[in-house]
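The values are calculated or read from the model by the stated rules, or taken from the named source; none is laboratory data. The shown structure was predicted, so the numbers you read here are calculated from the model rather than taken from an experiment. Every residue, glycine among them, receives a Cβ derived from its backbone with ideal geometry; neighbour counts consider all protein chains shown. The area values use the complete protein model at the heavy-atom level, side chains included, leaving out ligands, DNA and RNA. Shrake-Rupley method; radii C 1.70, N 1.55, O 1.52, S 1.80 Å.
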Amino acid sequence: MPDVMSSSRLIGVGVGPGDPELVTVKGVRALQGADVVVVPVMDTGERGRAEATVLHYVPEDKVVRVVFALNERSDRQRREDAWDAAGTRVAELLREHSVVAFATIGDPNVYSTFTYLAQTIGEVVPGTLVETVPGITAMQDLAARSGAVLTEGTEPLTLVPVTAGAAVLKDALAGPGTVVAYKFGRQAAEVAEALRETGRIGDAVWGAALGLPEESIRPADELDGAPLPYLSTLIAPARRDGGRGGKL
């Protein structure tokens, strides 16, 4: 049964890929203005990247950890149970507080945990006002740190989560424009093979832990096929041979 109509606000705040300096001014204001800030953690309870970023701007006693099955892909029932439990916990917070912020790495509207939470809250606590504050994405940060240009002129940009399968990435690489790949750590060997088969490995760049002390950014052709961190990002720039402004 849904709760009574709520007058609370749930704000999904994108806190970027890890560098606390990449949280927007609006994002910081949303975090500091909220009554509580929810951060997603895996069932291990280890401090996640979103929480580490948030703690640069709000005191620890304002942060509430909520367990999400962030890495559960094989056991659907376990994943659904975890989502239900997480939704219930956030619903409790919304009954107790006027403004609840939910911090998510990257942007809350790009492959974010917040999307599913907002849907759940809409069903469980109708009347809750849901808002989002955009955040800088990993592909933007990797482009800035590596010097890769994401788009020029009329080029398209394709973003592929490799959890959908390496074949989806290969199809994108065979097309025009720049291709960005997310979530491919366990399939690093397949990604490298797809880059080579499509002739796109030469200019491609890989990055992980962007903005953190353990940051790693390397040309894709240096990867040896060993598994990479789950939150790895790859940019395969468009083929550009028309000189300056050739894609206008």
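Do the conditions hold for Thr178, that is, is it in contact with an Asp or Glu (Cβ under 9 Å, 6 or more places away or on another chain), surrounded by 14 or more Cβ atoms within 10 Å (Cβ to Cβ), modelled with pLDDT of 95 or more and closer than 20 Å to Pro108 by Cβ? No; evaluated as a whole, the condition is false for this residue. Return the residue satisfying two criteria in turn: it lies in the stretch 221-239 and is among the aliphatic types (A, V, I, L, M) and under 21 Å from the mean Cα position of the chain (by Cα), and of such residues it is most open to solvent (accessible area, probe 1.4 Å). For the stretch 221-239, the residue satisfying everything is Leu231.
If you check Leu22, Leu93, Leu55 for being under 20 Å from Thr128 (Cβ atoms) and either open to solvent by less than 10 Å² (accessible area, probe 1.4 Å) or modelled with pLDDT of 95 or more (or both), only one passes: Leu93.
Look through the stretch 33-52, keep the residues that are assigned to a strand (DSSP E or B) and either more than 19 Å from Ile11 (Cβ to Cβ) or open to solvent by less than 10 Å² (accessible area, probe 1.4 Å) (or both), and return whichever of them is modelled with the lowest pLDDT. Steps first, please.
If we filter the stretch 33-52 for residues that are assigned to a strand (DSSP E or B), which is where we start, we get 36-41.
Still in the list and also either more than 19 Å from Ile11 (Cβ to Cβ) or open to solvent by less than 10 Å² (accessible area, probe 1.4 Å) (or both): 37-39, 41.
Details: Val37: 98, Val38: 97, Val39: 95, Val41: 88.
By that ranking, first place goes to Val41.
Just one of the listed residues (Thr158, Thr151) is of a type in the set (S, T, N, Q), in contact (Cβ under 8 Å) with a residue 12 or more places away in the chain, open to solvent by less than 60 Å² (accessible area, probe 1.4 Å) and not in a helix (DSSP H, G or I), and it is Thr158.
Condition test on Gly185, is it modelled with pLDDT under 95, touching a Leu at 6+ places or on another chain (Cβ under 6 Å) and over 17 Å from Pro156 (Cβ atoms)? Considered against the rule, which asks whether it is modelled with pLDDT under 95, touching a Leu at 6+ places or on another chain (Cβ under 6 Å) and over 17 Å from Pro156 (Cβ atoms), Gly185 comes out as yes.
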